[in-house]
Amino acid sequence: MAKQSDPATPSQSPVVLELRRLDVGSVVALVCHPNHVMMVHFPIAFVMATLGVDIFYWWSGDAFWVRVGLWSAGIAFWTGVAASIVGIAELLLVPGIRALEASWSHAVAAMTLVAIAGANWGLRLIDPGEVLTHGLALSALAAAMTGFAGWHGGKLVFDHGVGVLVSEKS
């Protein structure tokens, strides 16, 4: 009997079987690396940073953190918009991705997250005094939504192999 690690033995991995069944490769890529997967780290980091900055402001009362929160919320929003444009392109251009239910759940969650991040940034632009009430609440909501959207995005990668390159040897 051949061992599973033997290259002559066909892989029985459900992810590899799913990859062979559906075309879920990336069409918006840089040197075969999916752009959406590379870009989402920035809005995730800045959404979480905005929550941290709001907590620091709540704790210290130092106006410095209000300015930092304005910048981090704005960067979270704009990098989220950029990642969303690439993600929507992937969703619309790749039939295998469009066919997956998890793709649509991730897309709706991510668009909701971008809307919350935009509201958070807009609130800080219009009325910085509202950071401790509404801004902190929006930051916490955005952080929770980041976890939800990220879970669905991870499900696409790990359960369905979206954006994963598999060699013919696997």
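The values are calculated or read from the model by the stated rules, or taken from the named source; none is laboratory data. Predicted model, so just to flag it, every value in this text is computed and none were measured. Heads up, the Cβs are rebuilt from the backbone with ideal geometry, glycines too, and the neighbour counts pull from every protein chain shown.
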Here the residues within segment 68-95 that are farther than 17 Å from W121 by Cβ, β-branched (V, I, T) and either touching a helix residue (DSSP H, G or I) at 6+ places or on another chain (Cβ under 6 Å) or in contact (Cβ under 8 Å) with a residue 24 or more places away in the chain (or both) are V86, V94
Note: among L17, L51, L92, just one is under 19 Å from the mean Cα position of the chain (by Cα), exposed (fewer than 14 other Cβ atoms within 10 Å of the Cβ) and either assigned to a helix (DSSP H, G or I) or modelled with pLDDT of 95 or more (or both), namely L92
R124 meets each of (1) at pLDDT below 95; (2) within 20 Å of A45 (Cα to Cα); (3) of a type in the set (K, R) with one exception, condition (1)
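Please find, among A144, A115, the residue that is loosely packed, with under 15 Cβ neighbours inside 10 Å, under 13 Å from the mean Cα position of the chain (by Cα), under 28 Å from Y57 (Cβ atoms) and free of Cβ contacts under 8 Å to residues at least 24 places away in the same chain.
Details: A115 fails: under 13 Å from the mean Cα position of the chain (by Cα).
The match here is A144.
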